[in-house]
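Colleague: Can you keep this structure in mind? I'll have questions shortly.
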């Protein structure tokens, strides 16, 4: 099959959205988007549509797409999708080669991506392109419900600027979507800083996204500066969910060995799926 | 007979479910995204909502929260129809206080049975 690779910037956001949704119609984790959400995704995660690609057959049939995020000397491959009827014909490989080449041209020293755990065709494709696993991350949900106990500790609620300052001092690795650049782009970042009577201290940063009628909490990052991470994490989450008792919450890319995981579970978070982060170094 | 709203973004699924639901004599309506689904729920007060979790604007979990937080819609039974794995669907139904689930692909008999069961419970 002859595959033509066309910069994604030549398509409208609606065309890209329609193509993306068609590639994911049978996906193991259904995550359709509309043009508005894809536009936010492009903005928040620094997707460069001039370096992203749509694959098209010689007869004009759309085959798939892939997007490239670019930050200084790092790149991120995302939204790779191929229409179900044209899989296993080299389209995904061609899109990946195009993204890798574009990342290299832009001077990226590393290129990262995430693949949903057990998506073996994609995982094997990335292995073939010399990507190596760097970590496993959980995507969790929490339905709004009353907290089981009143929260403790002295809390300072952080505005966007202070919340971003906290993230920049975060000592551990953050995946692309939770990185400080993504949070800064999103402009709906808030946080809280907690001090407990026993000296325990830490902070929690999150996005508070306004929809038409309600808000949703997402992209949580927890850090314990002092004390027991489970206790500090529990109190941070208790304070958050007491303040936002009616908010749905979506915690993305929490490392599977995050020391606060027990706190998430204690507060009613449950796992939806896992992502494997992979890295390619040039 | 009941008034049933199906919120689902894939047209083929809507067509399939519409055939099943109307063949049982129910009134059927559909919406392809969360916001339209919410508007239709407010406007038509359905007896039952069939809800896909993967929607293009806000996902089904978030939409169910909006509905459960509203005094008009809080008691409307919601059945999740999803491609998510069964364990996730079960956790979602429990956590979000929903009324049942079916994982895709499902049979006509399974859909008819869960609709009848949930409608009977809600009218009891």
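A short reminder: the numbers here are calculations on the coordinates, not readings from a lab. It should be emphasised that the depicted structure is a prediction, and the values quoted were computed from it without experimental measurement. Note that we place each Cβ from the backbone using ideal geometry, even for glycine, and neighbour counts take in every protein chain shown.
Colleague: Report the residues of the range B:86-112 in range of a label on residue B:19: point 7 Å along Cα→C-beta, backbone N strictly under 11 Å from it.
Modeller: In the range B:86-112, the label zone of residue B:19 (backbone N under 11 Å from the point 7 Å along Cα→Cβ) covers B:108.
Colleague: Quick one: helix A:13-23 against the long Cα principal axis of chain A, what's the angle to the nearest 10°, folded into 0 to 90?
Modeller: 90 degrees
Colleague: How big is the Rg/Rh ratio for the range B:12-61, C-alpha atoms only, Rh by Kirkwood, two decimals? It would help to have the intermediate numbers written out before the result.
Modeller: Details: Rg = 11.1 Å, Rh = 11.6 Å.
Rg/Rh for the range B:12-61 comes to 0.96.
Colleague: Once the Cβ-Cβ distance between residue A:262 and residue A:154 is put in as r, and R0 is 25 Å, what FRET efficiency do you end up with, to the nearest 0.05? The partial results should precede the final answer.
Modeller: Values: r = 23 Å, r/R0 = 0.91.
After rounding to 0.05, the efficiency reads 0.65.
Colleague: If you don't mind, there's one more thing I want to ask. Between residue A:9 and residue A:242, what is 0.36 nm times their sequence separation minus the Cα-Cα distance? Round to one decimal in nm.
Modeller: On the way: separation 233, 0.36 × 233 = 83.88 nm, distance 4.34 nm.
That works out to 79.5 nm of additional length.
Colleague: Report D for the protein assembly as shown in µm² per second (integer): Stokes-Einstein, Kirkwood Rh on Cα pairs, 37 °C, 0.692 mPa s. It would help to have the intermediate numbers written out before the result.
Modeller: Numbers: Rh = 22.6 Å.
Result for D is 146 µm²/s.
Colleague: So for the range A:194-282, Kirkwood radius off the Cα pairs, Stokes-Einstein at 25 °C and 0.890 mPa s: how many µm² s⁻¹? Don't jump to the answer; show the numbers that get you there.
Modeller: Working: Rh = 14.2 Å.
Taking Rh from Cα pairs, D becomes 173 µm²/s.
Colleague: Then there is this: What number results when the radius of gyration of the range A:3-108, computed over Cα atoms, is divided by 2.2 N^0.38 Å? Could the numbers behind the result be given before it?
Modeller: Working: Rg = 12.9 Å, N = 106, 2.2 N^0.38 = 12.9 Å.
Normalised Rg, Cα atoms only: 1.00.
Colleague: How high is the relative contact order of the range A:3-108, in percent, counting Cα pairs under 8 Å that sit 6 or more residues apart? Write down the numbers at each step before the final one.
Modeller: Numbers: 174 pairs, mean separation 29.6, N = 106.
It comes to 28 percent, rounded to a whole number.
Colleague: DSSP beta bridges in chain A, what fraction antiparallel, as a percent rounded to 5? It would help to have the intermediate numbers written out before the result.
Modeller: Details: 59 of 66 bridges.
So the antiparallel bridges in chain A amount to around 90 percent.
Colleague: A further question follows. Rounded, prolate or oblate: which one fits the range B:26-85, using the alpha carbon gyration tensor with axes a ≥ b ≥ c (rounded when a/c is under 1.5, else prolate when a/b beats b/c, else oblate)? List each step's numbers first, then the result.
Modeller: Values: a/c = 1.44, a/b = 1.29, b/c = 1.11.
The shape class here is rounded.
Colleague: For labels at residue A:228 and residue B:113 in the simple 7 Å Cα→Cβ model, what's the distance in nm?
Modeller: 4.7 nm
Colleague: Modelled label-to-label distance, residue A:40 and residue B:72, 7 Å Cα→beta-carbon offset: nm?
Modeller: So the two model labels end up 2.4 nm from each other.
Colleague: Another one. Using the alpha-carbon atoms, what tilt in degrees (0 to 90, nearest 10) does helix A:229-243 show relative to the longest principal axis of chain A?
Modeller: Taking the Cα atoms of chain A, the angle to A:229-243 is about 90 degrees.
Colleague: Please state the Cα pair-distance histogram of the range B:3-123 with 10 angstrom bins from zero: what percent is in each bin?
Modeller: Per 10 Å bin, starting at zero, the Cα-Cα P(r) for the range B:3-123 comes out as 14, 53, 32, 1 percent.
Colleague: Okay, helix-only estimate at 222 nm for chain B: each DSSP H run of n ≥ 4 adds -39500 (n - 2.57), divide by all residues, round to 500 deg cm²/dmol; what do you get?
Modeller: On the way: 5 runs with 59 residues, N = 124.
Taking each H run of at least 4 residues, the total per residue is -14500 deg cm²/dmol.
Colleague: With each label point set 7 Å from Cα along the Cα-Cβ vector, what nm distance links residue A:136 and residue A:173?
Modeller: For the pair residue A:136/residue A:173, the computed spacing is 1.5 nm.
Colleague: Which of rounded, prolate or oblate describes the range A:140-274 when judged by the alpha-carbon gyration tensor and an a/c cut-off of 1.5? Mind dumping the intermediate values first?
Modeller: Numbers: a/c = 1.24, a/b = 1.08, b/c = 1.15.
Since a/c stays below 1.5, the shape of the range A:140-274 is classed as rounded.
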